[in-house]
Structures are given as C-alpha cells and as structure tokens.
Amino acid sequence: FNMPRLGPAVAPPDVRPGMSVRLSIECRGLANRDTLSYSDPVCVVLGVQPNGSRFEIGRTETIQNCLNPRFTKPIETKFYFEEIQKLQFVVYDIDNASADLSKQDLLGNFETTLSTIVGSRGSCLTSPLSGRGGADEKKYGNIKILAEEIPSNADDEIKLRICGKRIPTKDWIGKGDHYLLIKRIRADGVLETVHKTEVVSGTSNPVWAPFTLKVGNVCMGKLDQKIVFEFMDENTVSADSLMGEVRVSVNELLGATKTFRVQKAHDSGSRGPDKDLGEMTVTSAEIYHPPTFMDYLAGGCEVTVAVAIDFTGSNGNPSSPDSLHYRRPSGWNHYQAAIISVGEILEKYSSTKMFNAYGFGAMMPNGQVSHCFALNGNPANPGVAGVQGILDGYARTISSVTGRGAGGQRMLGWCVGVGGCCVSFDRRGALGGRAAADSEFPAGARALPLAAAHPPG
C-alpha cells in the first residue's frame with residue numbers, strides 16, 4: 001500500500017442519478033505511534049477509479065490523543081446501485097501541520113465497495129484495518145462504517161427555544177451550571193452529538209439562547225424519529241454530570257404539548273425509584289426551509305453580474321507564448337477561455353445581459369497605474385453587452401495597457417470596494433471569488449458581497 005499525497009484532487013464530475021449517503025466512521029484499538037501521548041487520528045476517504053488512480057472524497061476531523069475515535073464529521077457521497085464504487089479508508093496519526101500525508105504516520109487502511117457497506121446488515125460494516133503486514137485487528141485495530149441515506153429535506157432547519165425547570169445538580173453549593181447536549185440516534189443505536197448549548201450558571205431553571213438545528217443532522221429527515229436532549233451539569237474538578245434526558249421527535253417538538261418530563265438516562269444503570277428530575281419546556285419551535293437558488297429564480301430573482309480581470313505584471317508579457325494574456329494567432333488564450341466558460345453560464349441568469357466589466361493592475365496609456373478601471377473606458381457607465389462585450393473590452397485593453405505590479409488578489413480588493421465586482425479572473429485564468437478585507441481597500445471604500453441578487457420590487 002502506497003500512501004497517497006494530499007493535494008487538490010477532485011472527484012470527476014457526476015451527472016448520473018444516484019442516492020446521497022452519509023458515512024459515519026469510528027475506529028477501535030488503533031495503534032499508538034506517539035511516545036508521550038496517544039495517536040491523533042484522522043480518517044481520509046478515497047475513491048478508487050478503474051485505472052487505480054485515487055481521489056479524495058472527504059475526511060473526518062482530527063481527534064487528539066485517542067485510540068478509539070468516534071468521528072463526528074461524516075463523509076457524504078453518492079451511491080449508484082448498478083456500479084462498483086471502490087473506496088479506501090485510510091487512518092493517519094497527524095503529528096504536524098504538513099499537507100503531505102506521506103509525512104504523517106499511517107495507522108491502517110481498509111478497502112471495500114460502497115455497495116458492500118450499504119448491503120451489510122443495517123448498512124453497517126465492521127472490519128479489521130490493514131497495515132504493511134496485512135489485515136490484523138490486534139495490531140492495527142478495526143474500523144466501523146455506517147451508511148445512511150440523506151433525505152431530500154435534510155437542509156430544512158428547526159429553530160428552538162428551550163428552558164428547564166427544577167433541574168437538579170450534584171454541586172454541594174449552588175444550583176448548578178447546566179447545558180444541553182442534543183444527540184441523534186443513529187441506525188446502529190449509537191448516540192451522536194449534534195449540538196451543545198451554552199452553560200447557564202447559578203439556577204435550576206435554565207433558559208438557553210435560541211438555536212437552530214438541521215433536520216438532516218438530528219434525525220436524517222425522519223420527523224418521527226426520536227432525538228435525545230441530555231441535561232448536563234458542568235463540573236470544574238471532575239467529569240460533567242448527566243442529570244437526565246428527554247427523548248422526543250421533531251413532530252412532538254412542533255406539537256401542542258410543550259412540556260416534557262426529564263427522565264433518567266437510558267444507560268445510567270440506576271435501578272432506584274424515579275426522582276423528580278425536572279421538566280423541559282419548548283417555548284418556541286418552527287421548521288424553516290432555507291430557499292435554494294432554484295427557489296430564488298422561480299420567485300423572479302434577478303442576478304446582477306460584474307467582472308474584473310487581472311492585468312498585473314505577474315501574468316507575463318502578452319507578446320510571450322508563456323503569458324496567460326498571450327495574443328494567439330488563432331484560438332482563445334487562457335483568460336478568454338475562462339471568460340467564455342464562466343460568462344456564458346452567468347449570462348443566462350441576467351435579464352439585462354449587461355455586465356459591469358473592470359480591469360486592475362495596469363499602466364494606462366496616459367502613464368498612470370490603475371487598480372480599477374472600466375474596460376469600455378467609461379467609469380460612469382462600465383456596462384458591456386454580454387460575454388461578447390467582455391471579450392471585446394478585454395481585447396482592446398490588452399493591446400493598450402501594460403501590466404504593473406503583482407499580488408492580483410490584493411488588488412482585487414480595490415475592484416470589490418470601488419466597482420462592486422462579483423467575479424474575477426486572476427493570473428491563472430481561473431474564476432476567483434474571495435471577499436477582500438476592509439483594510440485592503442482605498443480610503444472610503446468598503447467590502448461588498450461577491451454576488452448581487454435583487455428580488456423584483
């Protein structure tokens with residue numbers, strides 16, 4: 001097994017219909033590669049193409065000093081029933097900030113197919129990890145992968161206001177320091193924390209600030225699926241205490257009953273008589289559907305587009321074939337190709353088909369260097385007609401100005417602040433979309449959004 005290098009590899013574009021799935025990963029009994037502490041594991045998930053090449057699908061968070069990690073960051077991917085989708089799960093011990101995985105310690109890896117995971121009992125697969133000596137659970141530990149379908153309503157949100165009443169504490173003095181842990185019940189019965197509230201101190205009747213949860217995170221879109229509210233008491237010298245829990249579905253949170261009795265936790269092991277552990281009151285609960293781009297378009301949203309082109313000297317001399325601004329005898333250069341590929345898409349969403357087109361980082365014919373100028377030469381009305389107008393303005397400008405300076409990303413801030421630019425083309429001939437900081441703008445300029453959308457009226 002050869003450890004892949006971490007890089008900007010991207011999965012090939014996919015337009016086939018498929019089912020979105022979420023992979024939850026945990027490991028047990030990992031090898032310890034650190035001397036004075038435990039390993040700091042992360043799991044990188046790679047897709048394996050038919051020719052053997054690999055691309056990164058995603059990775060979990062890094063957990064410090066843990067040989068039995070249960071990663072909270074899931075991996076999302078597409079599942080196609082009729083295809084063999086090979087996956088590789090590689091676990092590393094992260095010892096430094098290097099992006100090169102070969103400089104990290106390999107803890108183990110596991111290769112399988114997505115259909116094998118989905119087709120396992122409960123769509124949950126457990127297997128030994130492999131190392132240089134092959135699969136060996138005692139030496140490398142094991143990995144557990146749970147696959148769950150992501151529903152269409154996963155992006156819906158539930159907004160909640162929660163308060164407690166008569167919540168007990170184990171403190172000798174005071175009324176406790178309470179917070180909530182909200183957990184979803186996975187398909188394999190494991191509780192997974194999805195949200196933690198702030199701590200409310202000095203009261204047995206805590207009132208927490210409003211918070212918002214994604215429906216896909218708390219119940220995978222199943223509104224009748226129970227979720228768990230754990231009432232915690234924070235301790236300074238020992239582990240925090242679990243005082244009780246409420247198990248309730250999203251539909252119950254939205255229902256007429258707004259007060260729920262706090263019960264003993266299912267795994268508390270207590271067999272004594274039930275005590276009064278207080279109540280949870282839902283003072284406000286509502287489902288919110290965040291509008292999608294399609295929703296905006298269907299509602300009559302109009303999209304205004306502005307562009308800026310990098311003419312800085314870092315692009316090279318336009319008369320040199322090595323320059324991205326090279327004026328080719330036939331065909332488009334890198335900038336023209338980028339303008340066409342991006343502009344033709346954005347043009348379809350503009351009712352006026354007029355683009356404000358700017359350039360930056362160039363010496364003008366009068367000898368002055370400008371960091372924001374209109375391609376059509378009219379700063380009062382910099383609009384050009386469609387993609388062809390941008391191309392025409394670019395062709396005129398590149399033959400009449402001289403590139404000056406470097407750091408096009410910094411100079412982009414001037415166009416963002418002065419011209420309200422939404423889209424930029426940098427020295428790589430690529431689409432840019434970074435919002436510059438206020439400190440990068442000339443006096444009096446301010447940061448503007450990198451997109452402008454104006455509803456009718």
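The values are calculated or read from the model by the stated rules, or taken from the named source; none is laboratory data. Predicted model only: the values in this text are computed from it and were never measured. Counting neighbours? That spans all protein chains shown, and the Cβs are built from the backbone with ideal geometry, glycine included. These accessible areas exclude ligands, DNA and RNA; they are computed on the full protein's heavy atoms, side chains included. Shrake-Rupley method; radii C 1.70, N 1.55, O 1.52, S 1.80 Å.
Looking only at residues in the stretch 370-385 that are hydrophobic (A, V, I, L, M, F, W, C) and in contact with a Gly (Cβ under 7 Å, 6 or more places away or on another chain), which one is most open to solvent (accessible area, probe 1.4 Å)?
Within the stretch 370-385, the match that is most open to solvent (accessible area, probe 1.4 Å) is C372.
I'm checking my understanding of the structure. Among residues of the stretch 65-99 that are touching a Lys or Arg at 6+ places or on another chain (Cβ under 6 Å) and not polar (S, T, N, Q), which one is farthest from F55 (Cα to Cα)?
For the stretch 65-99, the residue satisfying everything is D93.
Does any residue of the stretch 312-334 turn out to be under 29 Å from S370 (Cβ atoms), of a type in the set (A, V, I, L, M) and either assigned to a helix (DSSP H, G or I) or within 26 Å of the chain's Cα centre (by Cα) (or both)?
No, the stretch 312-334 has no match at all.
What is the number of the single condition among (1) open to solvent by 70 Å² or more (accessible area, probe 1.4 Å); (2) in contact with a Lys or Arg (Cβ under 7 Å, 6 or more places away or on another chain); (3) of a type in the set (A, V, I, L, M) that A362 does not meet?
Tallying (1) open to solvent by 70 Å² or more (accessible area, probe 1.4 Å); (2) in contact with a Lys or Arg (Cβ under 7 Å, 6 or more places away or on another chain); (3) of a type in the set (A, V, I, L, M), A362 fails exactly one: (1).
Among residues belonging to the stretch 61-80 that are touching a strand residue (DSSP E or B) at 6+ places or on another chain (Cβ under 8 Å) and polar (S, T, N, Q), point out the one that is least open to solvent (accessible area, probe 1.4 Å).
Restricting to residues being touching a strand residue (DSSP E or B) at 6+ places or on another chain (Cβ under 8 Å) and polar (S, T, N, Q), the top hit is T77.
Across the stretch 81-112, what is the number of residues that are open to solvent by less than 30 Å² (accessible area, probe 1.4 Å) and either of a type in the set (A, V, I, L, M) or within 20 Å of K139 (Cβ to Cβ) (or both)?
15
Give me the pairs: first residue in the stretch 350-378 and farther than 12 Å from T397 by Cα and in a strand (DSSP E or B), second residue among the basic types (K, R) and at pLDDT below 85, beta-carbon distance under 7 Å, and six or more apart or on different chains, which are they?
Matching pairs, first to second residue: V369/R404.
Scan K222, K183 and give me the residue that is at pLDDT 95 or above and within 23 Å of the chain's Cα centre (by Cα).
Only one candidate passes the filter, namely K183.
Can you find even one residue in the stretch 303-318 that is over 30 Å from D155 (Cβ atoms) and open to solvent by 90 Å² or more (accessible area, probe 1.4 Å)?
Checked against the condition, which is being over 30 Å from D155 (Cβ atoms) and open to solvent by 90 Å² or more (accessible area, probe 1.4 Å), the stretch 303-318 yields at least one hit.
This table checks each residue for (1) at pLDDT 85 or above; (2) within 30 Å of L223 (Cα to Cα).
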position: F260; (1), (2): yes, yes
position: T283; (1), (2): yes, yes
position: C301; (1), (2): no, no
position: D322; (1), (2): yes, no
position: S370; (1), (2): no, no
position: L375; (1), (2): yes, no
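In the stretch 116-126, what count of residues is obtained for those that are under 25 Å from the mean Cα position of the chain (by Cα) and farther than 19 Å from R28 by Cα?
Count: 1.
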